[in-house]
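J.: I am attaching a structure below and will ask some questions about it afterwards.
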Amino acid sequence: MLNNITPFLVHWAITGISLWVASHLFKGLKFDSTSALIVSALLLGLANAIVKPLLIFLTLPLTLLTFGLFLLVINALMILLVAALVKGFKVSGFWTALFASIFVSLLSIVIGSFVTGGDPAEQIQMPQGGNWL
């Protein structure tokens, strides 16, 4: 059980650190308290896991037409959604959310590579037996 929760906590912490750094770099991204930052990191992870795949599926023709650039808009919408749900998290506008989402994504990748040792195989555990379809 604890083996499954550790990657979740690490990802949550990386997202929180990335949001915290982004709030210091972008004037339009503000957190009123540490608890707002923690809740925002958690909700952003949940939104990226649940809402984002649905939006990607619904906007697939537009995403293909723009060669995937519309995914940046979806990332910005995820930050705006979290800002609308969390009381102490404020985003001044769409462009701030767009550039902050790019920054948070890139910083999360960099921090994640240091935490996992840069080996993506450590993140995905393949089953030892069984058949893959």
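Any read-out appearing in this document is the output of simple, stated calculations on the displayed coordinates, not a laboratory observation. Note that the structure is predicted; figures quoted are calculated from it, not measured. Note: ideal-geometry Cβ built from the backbone for every residue, glycine included; neighbour counts use all protein chains shown.
J.: As an exercise: evaluate residue 94 against (1) aromatic (Phe, Trp, Tyr); (2) surrounded by fewer than 15 Cβ atoms within 10 Å (Cβ to Cβ); (3) touching a residue at least 60 places away in the same chain (Cβ under 8 Å) and give the number of the one condition it does not meet.
T.: (3)
J.: Just to be sure I understand the filter: pairs with C-beta atoms under 8 Å, separated by 6 or more residues or on different chains, first member in region 74-89 and in contact (Cβ under 8 Å) with a residue 24 or more places away in the chain and surrounded by fewer than 17 Cβ atoms within 10 Å (Cβ to Cβ), second member part of a loop (DSSP other than H, G, I, E, B) and of a type in the set (Gly, Ala, Ser). Which pairs pass?
T.: Sorted first by the residue in region 74-89, then by its partner, the pairs are 88/33.
J.: Continuing with this model, one more query. List every residue pair whose Cβ atoms lie under 7 Å apart, where the two residues are 6 or more positions apart in sequence or sit on different chains, the first residue falls within region 30-58 and is in a loop (DSSP other than H, G, I, E, B), and the second residue, located anywhere, is surrounded by 14 or more Cβ atoms within 10 Å (Cβ to Cβ) and of a type in the set (Gly, Ala, Ser).
T.: Between residues of region 30-58 that are in a loop (DSSP other than H, G, I, E, B) and residues that are surrounded by 14 or more Cβ atoms within 10 Å (Cβ to Cβ) and of a type in the set (Gly, Ala, Ser), the close pairs are 32/88; 33/88.
J.: I've got another one for you. Taking residue 42, is it surrounded by 11 or more Cβ atoms within 10 Å (Cβ to Cβ), within 23 Å of residue 95 (Cα to Cα), in contact with a strand residue (DSSP E or B) (Cβ under 9 Å, 6 or more places away or on another chain) and not basic (Lys, Arg)?
T.: Answer is no for this residue.
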